[in-house]
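These notes concern the structure reproduced below.
The values are calculated or read from the model by the stated rules, or taken from the named source; none is laboratory data. Note that the coordinates shown come from a computational prediction; the quantities given were computed from them, not determined experimentally. Here the Cβ positions follow ideal geometry from the backbone for every residue, glycine too, while neighbour counts run over all protein chains shown. Accessible surface areas use protein heavy atoms only, side chains included; no ligands, DNA or RNA. Shrake-Rupley method; radii C 1.70, N 1.55, O 1.52, S 1.80 Å.
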Amino acid sequence: VEDRTVIDVVETAVSRGEIRPRRAAGFRPPRFDAVVLGGWMLQAWLLGSVLLAVVQGWRIARFRRHLRGAVPAPAWVNTEVAALAERMGVTAPEALAVAGIGVPMLWCLGRPVLLVPDELLKTMEADRWRAIVAHELAHLRRGDHWVRRLELVAGAVWWWNPLYWLVRRQLDFEAELACDAWAVWA
């Protein structure tokens with residue numbers, strides 16, 4: 001063994017089968033292949049999707065329970081809704097006064113219903129409601145409730161993607177601007 005290094009000697013002996021390399025007891029080299037990593041990622045995505053769906057379902061159920069205490073809105077609100085709905089070309093939704101909500105909104109799980117805060121009904125004059133009702137009816141005219149349903153499904157798929165959240169936020173912003181323009185028109 002004159003000019004050969006120890007490594008060369010060992011490699012030659014292994015290749016001839018004179019010695020067999022052994023692993024230390026309990027040693028397993030780490031396995032980082034795409035299949036294992038893909039399996040973990042799929043499980044994490046599914047868990048996130050299921051959690052998001054459960055949270056959204058719970059929020060919807062909780063809000064529906066809250067709506068059980070709703071009462072029909074005053075007659076003047078229904079008159080305003082009917083007049084503006086005809087002008088905007090939509091079917092007039094039922095208007096309900098609800099305690100504990102901060103802003104008027106359109107609830108479209110089933111038949112569309114216009115929800116108005118009962119505290120706001122008590123404090124705001126009737127002539128100021130026209131723009132609010134027109135804005136909410138514009139959401140109905142534009143079909144924003146269908147977009148919200150699509151957002152729920154898309155959220156279950158792309159919940160992990162920051163681009164989804166940015167697009168959703170921009171869609172909300174643009175919808176509000178468009179409905180404000182419809183309200184001014186009406």
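Some values worked out for this structure:
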quantity	calculated
Of residues in region 83-93 being among the small types (Gly, Ala, Ser) and outside any loop (DSSP other than H, G, I, E, B), the one surrounded by the fewest Cβ atoms within 10 Å (Cβ to Cβ)	83
Residue in region 60-77 that is in contact with a Ser or Thr (Cβ under 7 Å, 6 or more places away or on another chain), in a helix (DSSP H, G or I) and modelled with pLDDT of 95 or more present	no
Test: residue in region 24-31 that is modelled with pLDDT of 80 or more and more than 30 Å from residue 94 (Cα to Cα)	no
Condition check for residue 148: touching a Gly at 6+ places or on another chain (Cβ under 9 Å) and either part of a helix (DSSP H, G or I) or not hydroxyl-bearing (Ser, Thr, Tyr) (or both)	no
In region 159-181, the residues that are at pLDDT 95 or above, open to solvent by 90 Å² or more (accessible area, probe 1.4 Å) and either under 23 Å from residue 41 (Cβ atoms) or within 9 Å of the chain's Cα centre (by Cα) (or both)	163, 165, 166
Residue in region 94-115 that is part of a strand (DSSP E or B), touching a helix residue (DSSP H, G or I) at 6+ places or on another chain (Cβ under 9 Å), open to solvent by 70 Å² or more (accessible area, probe 1.4 Å) and closer than 23 Å to residue 61 by Cα present	yes
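One line per residue, one yes/no per condition, for (1) open to solvent by 40 Å² or more (accessible area, probe 1.4 Å); (2) among the small types (Gly, Ala, Ser):
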{"position": "44", "(1), (2)": "yes, yes"}
{"position": "47", "(1), (2)": "yes, no"}
{"position": "51", "(1), (2)": "yes, no"}
{"position": "55", "(1), (2)": "yes, no"}
{"position": "59", "(1), (2)": "yes, no"}
{"position": "80", "(1), (2)": "no, no"}
